[in-house]
Amino acid sequence: MSAAEPAPTPADGSTAQDVPGAAPGAAPGAAPEPGAAPSASGALPGPDGLPRCPWGLSTPDYLAYHDEEWGRPVHGDDALFERLCLEAFQSGLSWLTILRRRAGFRAAFAGFRIAEVAAFTEEDRTRLLADQGIIRNRAKIDATLANAKVLAGWKPGELDELIWSYAPAPRPAPRTLAEVPAVTAESTALAKELKRRGLRFVGPTTAYALLQACGLTNDHLAGCARRDG
């Protein structure tokens, strides 16, 4: 989660250049958005009085995502493909941009069903580049389509098995946002392996955000009501 969402160019919210940044899961370790707590903050009380990671308190969208999704185990090739794609689309943008367009992404990309996306045609690509419900970034769209074609050739469950094989050993709970890393040895190795197998737009930061968001590592802060529940 970046300190502020980059100025959009054009109206779809995409940027001219993607910069390595905090993906959804990496939000805790990055500079907070306006109104959020500083990175030195630990868990803070939410609207119901329960303590939560500070990044989850800045908007209702983040609160729901923090409480209901972030850090919960995700399995299934299609489900993980969706997360991988959305993490890539988020690069250089605020995760809030992605959250608020997720329904549009799902509609545009056939629910991120790998076999269906792999069958997309040039007409589909043209449609996606004109779809205002998603981030109309040519490189990210092309990477999504190319990755689907690669994954369509994998065995059922192979993506799930590969990603979960990089789950790190449990470590002490971070006490503040500043203690949450943006990259780890596991995310670097996962990104390298995914690239070796032909996947695009998957770097160590994006891979670590995936590990956090999909429950492979628990980066809810110590004291956060959602850390163990």
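The values are calculated or read from the model by the stated rules, or taken from the named source; none is laboratory data. Since this is a predicted model, take the numbers as computed values, not measurements. Positions of Cβ are generated from backbone atoms using ideal geometry, with glycine treated the same way; all protein chains shown enter the neighbour counts.
A few comments on the model shown:
- Search result, residues across segment 115-156 that are aromatic (Phe, Trp, Tyr) and under 24 Å from GLY104 (Cβ atoms): PHE120
Yes or no, residue by residue, for (1) under 24 Å from PHE109 (Cα atoms); (2) within 18 Å of the chain's Cα centre (by Cα); (3) surrounded by 15 or more Cβ atoms within 10 Å (Cβ to Cβ):
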site	(1), (2), (3)
GLU158	yes, no, no
SER165	no, no, no
ALA173	no, no, yes
VAL180	no, yes, yes
SER187	no, yes, yes
LEU199	yes, yes, yes
ALA207	yes, yes, yes
ARG226	no, no, yes
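- Top-ranked residue in segment 78-135 [being acidic (Asp, Glu) and either modelled with pLDDT under 95 or under 26 Å from ALA182 (Cβ atoms) (or both); ranked as surrounded by the most Cβ atoms within 10 Å (Cβ to Cβ)]: GLU87
- Top-ranked residue in segment 147-156 [being hydrophobic (A, V, I, L, M, F, W, C) and in contact with a Leu (Cβ under 8 Å, 6 or more places away or on another chain); ranked as surrounded by the most Cβ atoms within 10 Å (Cβ to Cβ)]: LEU151
- Residue check, ALA178 modelled with pLDDT under 95 and more than 20 Å from GLU69 (Cβ to Cβ): yes
- The helices (runs of 4 or more DSSP H) located wholly in segment 92-206 that include 3 or more residues which are over 28 Å from PRO60 (Cβ atoms) and either in contact (Cβ under 8 Å) with a residue 24 or more places away in the chain or polar (S, T, N, Q) (or both) occupy 114-118, 138-151, 158-164, 185-196.
- The conditions of being modelled with pLDDT under 90, in contact with a Cys (Cβ under 6 Å, 6 or more places away or on another chain) and over 28 Å from ARG127 (Cα atoms) are not met by PRO38.
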